[in-house]
Amino acid sequence: MIEFVNKFEKSVYVALMALLMLVLVASLVELVWYIYQSLTNDPLYLLEAHELIAVLGAFLLVLIGVELLDTIKAYFSENTIHVEIVVLLAIIAIARKVILLDPTTTSGTDFGIELMGIGVIVLGLAGGYYLIKKAGITIGPVHPEQK
């Protein structure tokens, strides 16, 4: 029964990797199309502030997808989840949130509370990443010179 569950789990990860690759290709095509449209509108070859923010948000979304694919790939090949990759993924996601933050959509108090929450998350992730690095947890195979 355990062997069947392990094979089922592997097949789920294969399906997730295939679907994520499709999503990444679609996101990349959409990003290229959005950049093309933004650069060909008047004024030519200049991005306005809202266009630049949208492009950066889409770029970071593709980067998050790539990191997520890397996490699934690492689990698929080694049957372990690398905590460092997951923390980096969360850092990229919160950076995307900060870049896309629009202060005009919320009131002063709500915006302040949201910023404080984001600050706590950033401090927690930075502290966690520091502790992971300090503990010497690495990604990928250990080379003989690193031992």
If a residue counts only when it is closer than 30 Å to LEU131 by Cα and of a type in the set (Phe, Trp, Tyr), which helices (runs of 4 or more DSSP H) contained entirely in segment 1-112 have at least 2 such residues? 49-78
Going through segment 120-130 in order, the residues found to be surrounded by 12 or more Cβ atoms within 10 Å (Cβ to Cβ) and out of contact with any helix residue (DSSP H, G or I) (no Cβ under 7 Å at 6 or more places or on another chain) are GLY124, ALA126
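Read-outs: derived from the displayed coordinates by stated rules, not from any lab. Everything quoted here is computed from the prediction, not taken from an experiment. Backbone-built Cβ (ideal geometry, glycine too); neighbour counts: all protein chains shown.
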